Amino acid sequence: MGAFDNLREFMDRLNFLALKNFYRTKAALDDIEAGTFSTAQTWLNPLLVADDIIALWLPTASTAFATPQTIVIPGSKLIGTAAKSVNLGLAAGATAKATALQPIGMPVGTAAVKATDVQPVVAAPSLNVSINNLGNYAVGNYRGIVFDGSWRGLALVELQLGP
Amino acid sequence: MAPTWIRMVLALSLFIGTIGCRPLAPPPPVAACAARVGEDDFRTALFTVYQTALAPSPGKPQPIPGLNEAAHTIRCGAPRFGEFWRRLALARLAARSTSDRYIVSASRELSGHELVDMLANIEKRLGGMCGVEKRFAAAYEIVVPVGSTTQIGMPSCASTPPVTTSDAQGWLATAESSVWLQTSLSQVARNVDPQAWSTGCGHLVFHDTHIAKHASGGGFTVDPTTCTANAGTPHTLGTKWHDDLFEHFVPATYVPSFFKNILSIDVLQAPPGPAYKMTYSINTGLQFQGWGVPTPPCGTSGVYIDQGGITAIDAGNGWEYVVATKQLAFSEHLPNPPLLAQEAAVGLHALLDMMPFLVCCPAGFP
């Protein structure tokens, strides 16, 4: 065990694996623990990792270099609309724009949820996301992203659409 | 006898004088092209040159790893992929600098023996000229002269220098380009029709584009082995149509890499009217490869935003004004989307610069 125990513990706590940055950091940390720095020097780019760490400490709106948190929205084709509000610490006047929601883990060729059916609204400090016309889409999971006015990732939006 | 110190000064003066009178050394020989240049290598080389050309000036010359090799690859790949790319790269590098010795070296490698006079003209004309876009326009007029439309690998119509801008903000990469082309609106419409992206000079980055076949229950029918949408009924090139298109796009920023997406296409205006207008946006991302990430199963999108459009207006005098735009944002499945957006902006700059080549694709390409 070495001097980076705390860092590793810290990263594990932040669940880097789930944040999909793990690929970049795990090999580096393994190297550090093994006392070999060959991969670490390449992979553990101090600036990028520092960005990730700093961004994770900052309010979500500043996570330009980190994967933003996921807002899971359950919905039903029958009801046709789903919505959720999450406090992201947003400032008044902040703007948000959503992309189409891409199918994930669904039969290949499933059509995406159109961006025009995804409406993000900032009600500081929260982000409200409503998804409309659910009856038009296949049952399953979809994911898109909401950007702020500077095209930084505010939140991933995951629609879990049931019958 | 003169004192020793005077003799030394005289000898030194004579030595320096000899150096001053010595004729300039000839430029270093241009390396011969050894092997057939591969597509991946050519795309990567273009990206290296564009990244250098678009980067802010470092103040004093600094060596740029891989630049000379990239210039060599482009020069040697030009017969296969198009002389236009070589000249475009030369104009972009010259716009960046005609005095930085590292860039000058790469420019000489690009020009080879064939374009050495052209390079000399560029250096002469751009001397003292400020502003990258102004310098690029001046260099473009030299490397793509009006008379070059009959040369092998050059656009078959006259063109003004493309005015291209690119930018990255957050996760989003954007680019826009406008150019005047001396051709017909119907030719523009046929060659920028998304179905034709992969069959002409766009093949370097679009390996396949075809109408996607819709599934009876909604969505699309896709071959899961190749993660390619089955082909639907094609539309007549250059006409108005609204449909979904499968694209297999190969970017220049990482090797090996690809994106397979289904785009929603709307051709809103087409000849015989006086304008052509087409917009597109991602419908469903199917798969991607690259950036060290294991290739995900078919059905995983690599992009959240992939949209843009092309508008062409017939000026009525044999010239068409063409404007192309594109926006791109990668998904969180790829590492560091903001960093990728910066690289993508460079790639998009090159992609939109090629508009004269795409529209006026010479015979024999790809």
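Numerical summary
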{"quantity": "Enumeration of residues in the range B:299-316 that are of a type in the set (A, V, I, L, M, F, W, C) and under 21 Å from A:Ile145 (Cβ atoms)", "calculated": "B:Val303, B:Ile305"}
{"quantity": "Hits in the range A:132-145 - residues which are part of a strand (DSSP E or B) and crowded, with 22+ Cβ neighbours inside 10 Å", "calculated": "A:Tyr142, A:Arg143, A:Gly144, A:Ile145"}
{"quantity": "Selected residue (criterion: surrounded by the most Cβ atoms within 10 Å (Cβ to Cβ)) from residues of the range B:214-228 that are more than 9 Å from chain A (Cβ to nearest Cβ) and in a loop (DSSP other than H, G, I, E, B)", "calculated": "B:Thr226"}
{"quantity": "Qualifying residue in the range B:278-291 (condition: more than 30 Å from A:Thr67 (Cβ to Cβ), in the same structural domain as B:Ser184 (by TED's automatic domain parsing) and in a strand (DSSP E or B))", "calculated": "yes"}
{"quantity": "Selection within the range A:88-112 - of a type outside the set (A, V, I, L, M, F, W, C) and within 15 Å of the chain's Cα centre (by Cα)", "calculated": "A:Lys97, A:Thr99, A:Gln102"}
{"quantity": "Hits in the range A:91-108 - residues which are modelled with pLDDT under 95 and in contact with a Leu (Cβ under 8 Å, 6 or more places away or on another chain)", "calculated": "A:Val108"}
{"quantity": "Of residues in the range A:109-119 being buried (at least 21 other Cβ atoms within 10 Å of the Cβ) and without any contact (Cβ under 8 Å) to a residue 40 or more places away in the chain, the one nearest to B:Val303 (Cα to Cα)", "calculated": "A:Ala112"}
{"quantity": "Qualifying positions in the range B:303-318 - closer than 17 Å to B:Leu351 by Cβ, crowded, with 20+ Cβ neighbours inside 10 Å and within 13 Å of chain A (Cβ to nearest Cβ)", "calculated": "B:Val303, B:Ile305, B:Asp306"}
{"quantity": "Only listed residue being polar (S, T, N, Q), assigned to a strand (DSSP E or B) and facing chain B (nearest Cβ under 8 Å), chosen from A:Gln119, A:Gln102", "calculated": "A:Gln102"}
{"quantity": "Qualifying positions in the range B:287-299 - surrounded by 19 or more Cβ atoms within 10 Å (Cβ to Cβ) and at the interface with another protein chain (Cβ under 7 Å from one of its Cβ atoms)", "calculated": "B:Gly299"}
{"quantity": "Residue match in the range B:258-277 (condition: within 29 Å of B:Gln182 (Cα to Cα), out of contact with any Asp or Glu (no Cβ under 6 Å at 6 or more places or on another chain) and within 14 Å of chain A (Cβ to nearest Cβ))", "calculated": "yes"}
{"quantity": "Test set (1) at the interface with another protein chain (Cβ under 9 Å from one of its Cβ atoms); (2) part of a strand (DSSP E or B); (3) closer than 28 Å to B:Ala91 by Cα - B:Ala341 fails condition number", "calculated": "(2)"}
{"quantity": "Filter result for the condition that a residue is surrounded by 10 or more Cβ atoms within 10 Å (Cβ to Cβ), more than 23 Å from B:Met118 (Cβ to Cβ) and either small (Gly, Ala, Ser) or modelled with pLDDT of 95 or more (or both), over B:Gly20, B:Gly82, B:Gly66", "calculated": "B:Gly66"}
{"quantity": "Verdict on A:Val129 being surrounded by 17 or more Cβ atoms within 10 Å (Cβ to Cβ) and either in a strand (DSSP E or B) or of a type in the set (Lys, Arg) (or both)", "calculated": "yes"}
{"quantity": "Inter-residue pairs, beta-carbon under 6 Å, first under 16 Å from B:Tyr50 (Cα atoms) and in the range B:123-147, second surrounded by fewer than 16 Cβ atoms within 10 Å (Cβ to Cβ), 6+ apart", "calculated": "B:Arg135/B:Met129"}
{"quantity": "The range B:28-47, subset in contact (Cβ under 8 Å) with a residue 60 or more places away in the chain and of a type in the set (A, V, I, L, M, F, W, C), residue surrounded by the most Cβ atoms within 10 Å (Cβ to Cβ)", "calculated": "B:Leu46"}
{"quantity": "When residues of the range B:175-199 are limited to those that are small (Gly, Ala, Ser) and surrounded by fewer than 21 Cβ atoms within 10 Å (Cβ to Cβ), the one nearest to B:Asp244 (Cα to Cα)", "calculated": "B:Ala196"}
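The values are calculated or read from the model by the stated rules, or taken from the named source; none is laboratory data. Since we're looking at a predicted model, the values are computed, not measured. Neighbour counts are summed over all protein chains in view; Cβ atoms, including those assigned to glycine, are modelled from backbone coordinates with ideal geometry.
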